[in-house]
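Undergrad: I have a structure here, written as structure tokens, and I will follow up with some questions on it.
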Amino acid sequence: MGQSQLNQGELSVSVRNIGGIDETTVDLQTGVNVLAGRNATNRTSFCRALMGALGSNKVSLKADAETGGVTLEMPTDSYSRRLERTNGSVVLSGEPYLDDPTVGDLFAFLLESNDARQAVARSEDLRELIMQPIDTDEIQSKIDTAVAEKRRLDDRIEDLADLETELPVLEADLETLEADIDETEAELEAKRTVLAEMDGSIEATQAEQDAIEETFEKLQSVHSELEELRFRRETEQESIETLRAERKALTEELEGLAENPEDERERIAQRLEEYRTRRSELDSTTNQLQSVIQFNEEMLEGTNPAVAKALREESVGSSPTDKLTDSEKIVCWTCGSEVSTDDIESTLDRLKGLRREKLAERRELRTEIDSLSEQQRTLKAAADQRHTLKQKRERTTDEIETRSERVDTLTEELEMLRQKASELEAELESHEESKHSELLDIHAEINDLEFELGRTETEREQLTERIEAVERKLETREDLELKRQDLAERLTELRTRIGKLETEAVEAFNKHMDAVLEMLGYDNLARIWIERSTEERKQGRQTLEQSVFRLHIVRQTDDGRSYEDSIEHLSESEREVTGLVFALAGYLVHEVYEEVPVMILDSLEAIDSERIAALVEYFSEYVETIVVALLPEDAQALDERHHRVTEI
């Protein structure tokens, strides 16, 4: 889905029992929408409700409610989420605007806890975060498939090049055969003429003549069978030699493969299972921590009055002076006593620190799982290859044995035919001293010539078919080369896609960061920029070269000298601005505006009013609809033309 619906009218957001909200309906407009109000006026709860309708799961049910929901009305469609407390946990259902909220949570829903905003403050891996929406495994799979296809095309084109070299040789052989056939036919015609003349001059009894011709015919048939059997045996012997060479190559290839012990694969599978189980446990823990943190943040924002009253009535030793009048005190929603907000915020900081530790451990596990999965795939591929090679070698051995048996059978048949030919030749030799010996010689010569002519014509036919087949294959070369060119371009695009995205992200951040810093005018802060470089990182047992994003902070002294500073020395305002610009870079590079119709900004109090106003105006140049939660004094700095919401 895109933003086209917003160009046609307003948004209406109806919320029930979410965060600190009982029930409300808020209308929003295309452009900048300012949620103006003091703390504890449900602005953050409304932002989370809107996020839930758009598809995010970072939304919570009101503490004293069993069900809740939010509906987002657009000019042409309606989207909704339902929250229901079941067995101690909250289940979300319905049909939100987004099927997958990943890019929205990262680059459009910019609350205080947003990962893109916090990544800068926590000095986390900026490259990993900006690449999170990209399925690098899928890209690598496509690259592997394309490489295999290109290798197949390369082999076919190389075979065609060999065929092109072979074609002139085949054509020359065909010309030689044509000449041999013409010569044999001429010689055969001459012998037949001589035979016709001799048949008229030799006086012989018809019975003797018939006997001689019958013997010649038998001998001719035997010679034909002999030649055919010799050809078949030679063909089988050549096939056996080819198969033996193939078997030798298979054996050498098998010997060249590294051993792939089964226990190693089992060990990797067991470790993968352990790591995945641990990752699931960490997922559960971080989700629980996030729920606790989110609930407590919302309760800090504003405890429901009815809940606060009930908690006070239940607290022991309460008095009128103990009522909730001090802005620095708050009713504890677990025990009913009044505690300092600083104490709760301190506890929240510790919980957030614990969650960050669990997330870091989860990232390490993910890296190890990726490495082990790659090893598992490699070992499986090697095992499959070994199994395939063994099967091929066994089939080759069986084929050699079968063909060897055929050779033995053909040899026996040849021996029998040779004996039969010898007998027929002996029978004809008995007539050598007779007056028909010359006639017999002519018959024998004609028989040999006819056999030679038949063999040569068969060879010519086979050679002609071979030439035609080569020519047909060569006709496909142009198409194959075009396919290979397209595939090479596809491979280049796939291999550079990740690098291109990284470059675009860095350029976008640096461009917008320069513009924002110049606009906001921070004292002695000359530049904040990201450098894209590479470094070697361990991934399991492998050392891989990976891209890294290095954040540089350049300050300038009063006398104009520049020096590089660290992120720890940035003010809270400077860190917040840097995190927001980094989120904007991700928003633009991933074209989030094509999927998410609204950007949400909250918790900007660390930035002064004038700079907030300038930053919102800057973002509005790139984002069609913005919802920003501000304190009244900060909201006053924004242009009056922007739509304002003062009650939720």
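Undergrad: Among the residues of region 577-596, is there at least one that is in contact with a Gly (Cβ under 9 Å, 6 or more places away or on another chain) and buried (at least 24 other Cβ atoms within 10 Å of the Cβ)?
TA: yes
Undergrad: A further question on this structure: Quick check, is GLU535 assigned to a loop (DSSP other than H, G, I, E, B), surrounded by fewer than 21 Cβ atoms within 10 Å (Cβ to Cβ) and of a type in the set (Asp, Glu)?
TA: no
Undergrad: Return the only residue of GLU413, GLU394, GLU401 being charged (D, E, K, R), over 46 Å from the mean Cα position of the chain (by Cα) and part of a helix (DSSP H, G or I).
TA: Exactly one residue qualifies, and that residue is GLU413.
Undergrad: Being within 15 Å of ASP408 (Cα to Cα) and not charged (D, E, K, R) is the filter here, so list the residues in region 233-262 that pass it.
TA: Answer for region 233-262, where residues must be within 15 Å of ASP408 (Cα to Cα) and not charged (D, E, K, R): THR235, GLN237, SER239, ILE240.
Undergrad: While we're on this one: Restricting to region 472-526, name every residue that is under 21 Å from the mean Cα position of the chain (by Cα) and small (Gly, Ala, Ser).
TA: Within region 472-526, ALA488, GLY499, ALA505 meet the criteria.
Yes/no matrix, rows are residues, columns are (1) modelled with pLDDT under 85; (2) among the hydroxyl-bearing types (Ser, Thr, Tyr); (3) within 30 Å of GLU468 (Cβ to Cβ); (4) in the same structural domain as GLY454 (by TED's automatic domain parsing):
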site	(1), (2), (3), (4)
THR205	yes, yes, no, yes
LYS218	yes, no, no, yes
GLU228	no, no, yes, yes
LEU243	no, no, yes, yes
ARG271	no, no, no, no
THR277	no, yes, no, no
ASP283	yes, no, no, no
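Undergrad: Looking at THR76, THR71, which is the one that is among the β-branched types (Val, Ile, Thr) and either assigned to a strand (DSSP E or B) or without any contact (Cβ under 8 Å) to a residue 24 or more places away in the chain (or both)?
TA: None of the others qualify; the one that does is THR71.
Undergrad: Out of all the residues in region 260-268, is one or more surrounded by 14 or more Cβ atoms within 10 Å (Cβ to Cβ), modelled with pLDDT of 85 or more and out of contact with any Ser or Thr (no Cβ under 6 Å at 6 or more places or on another chain)?
TA: Yes; the residues of region 260-268 include at least one that is surrounded by 14 or more Cβ atoms within 10 Å (Cβ to Cβ), modelled with pLDDT of 85 or more and out of contact with any Ser or Thr (no Cβ under 6 Å at 6 or more places or on another chain).
Undergrad: Taking the conditions exactly as written (at negative phi and touching a Cys at 6+ places or on another chain (Cβ under 8 Å)), does LEU106 satisfy them or not?
TA: no
Undergrad: What is the one condition in (1) crowded, with 16+ Cβ neighbours inside 10 Å; (2) of a type in the set (Ser, Thr, Tyr); (3) closer than 18 Å to GLU595 by Cα that THR44 does not satisfy?
TA: All conditions are met except number (3).
Undergrad: Do we find a residue being surrounded by 12 or more Cβ atoms within 10 Å (Cβ to Cβ) and outside any strand (DSSP E or B) anywhere in region 542-564?
TA: no
Undergrad: Go over the candidates GLU595, GLU624, GLU591 one by one and state the one that is modelled with pLDDT under 95 and closer than 25 Å to ILE648 by Cβ.
TA: GLU624
Undergrad: A further question on this structure: Looking only at region 305-320, decide whether some residue is at pLDDT below 65, within 30 Å of SER56 (Cβ to Cβ) and not in a helix (DSSP H, G or I).
TA: no
The values are calculated or read from the model by the stated rules, or taken from the named source; none is laboratory data. Everything quoted here is computed from the prediction, not taken from an experiment. Using ideal geometry, Cβ is built from the backbone for each residue, glycine included, and neighbour counts are taken over all protein chains shown.
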